[in-house]
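The values are calculated or read from the model by the stated rules, or taken from the named source; none is laboratory data. Keep in mind that what you see is a predicted model, and the values were worked out from it rather than measured. Positions of Cβ are generated from backbone atoms using ideal geometry, with glycine treated the same way; all protein chains shown enter the neighbour counts. For the accessible areas, the whole protein counts, side chains as well, though only heavy atoms, and no ligand, DNA or RNA atoms are used. Shrake-Rupley method; radii C 1.70, N 1.55, O 1.52, S 1.80 Å.
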Amino acid sequence: MEKINVEKMTILDLEKIKQNLQTDFDEFWTPTILESELNNTNSLYFVAKENENILGFAGIWITPDTVELNNIVIKKDSRGKGYSKVLLEKLIEISKETSREIFTLEVSEENVVAINLYKKYGFENVGLRKKYYKGKYDAILMSKKI
């Protein structure tokens, strides 16, 4: 793995991936949704870059009581190379700088790779949302003390 830089995501970063956001990254994240998140004062987003190539992005919401993982999205042709780990480590580092005690997330029961990553970093199962994803997959709720 080359040297990966993790930086706060900017509107310029969004402009770089805007054309290919839904095809190369994830069909859920439209440019409008992501721009709204970048302008939300309660959210923080970061990008993983190799040189100027954006490999992925991740975001958290900072609520009055918790830090909530909003997403970790890796470019489809860059998955399986450890970039999610790099972004998650950055989000955990940032979450420790807040006065919150709990970091929460939800993940589809079918996303075994992500579930294993979160467990590796100390997240524990704390609940379930039935048929949350696409009306057929349960969401596993996970949290960790920070």
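At-a-glance table
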read-out: Members of the range 48-67 found to be assigned to a loop (DSSP other than H, G, I, E, B) and of a type in the set (S, T, N, Q), listed by number; value: N51, T63
read-out: Selection status of K120, among the basic types (K, R) and over 14 Å from the mean Cα position of the chain (by Cα); value: yes
read-out: Scope the range 28-46; condition buried (at least 22 other Cβ atoms within 10 Å of the Cβ) and either of a type in the set (V, I, T) or assigned to a helix (DSSP H, G or I) (or both); matching residues; value: L34
read-out: Tally of residues being open to solvent by 60 Å² or more (accessible area, probe 1.4 Å), among the polar types (S, T, N, Q) and either closer than 18 Å to D26 by Cβ or in a helix (DSSP H, G or I) (or both) across the range 99-113; value: 1
read-out: Candidate set from the range 128-146 (those that are in a strand (DSSP E or B) and under 16 Å from T66 (Cα atoms)); member that is farthest from the chain's Cα centre (by Cα); value: K145
read-out: The range 33-56 residues that are at pLDDT below 95, paired with ones that are among the charged types (D, E, K, R) and open to solvent by less than 50 Å² (accessible area, probe 1.4 Å) (beta carbon under 9 Å, 6 or more apart); value: N53/K75
read-out: Test result for N116, at pLDDT below 95, open to solvent by 50 Å² or more (accessible area, probe 1.4 Å) and under 22 Å from A139 (Cβ atoms); value: no
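Okay, residues lined up against (1) more than 12 Å from the chain's Cα centre (by Cα); (2) on the phi > 0 side of the Ramachandran plot:
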| site | (1), (2) |
| --- | --- |
| K18 | yes, no |
| P31 | yes, no |
| N40 | yes, no |
| A58 | no, no |
| N70 | no, no |
| G82 | yes, yes |
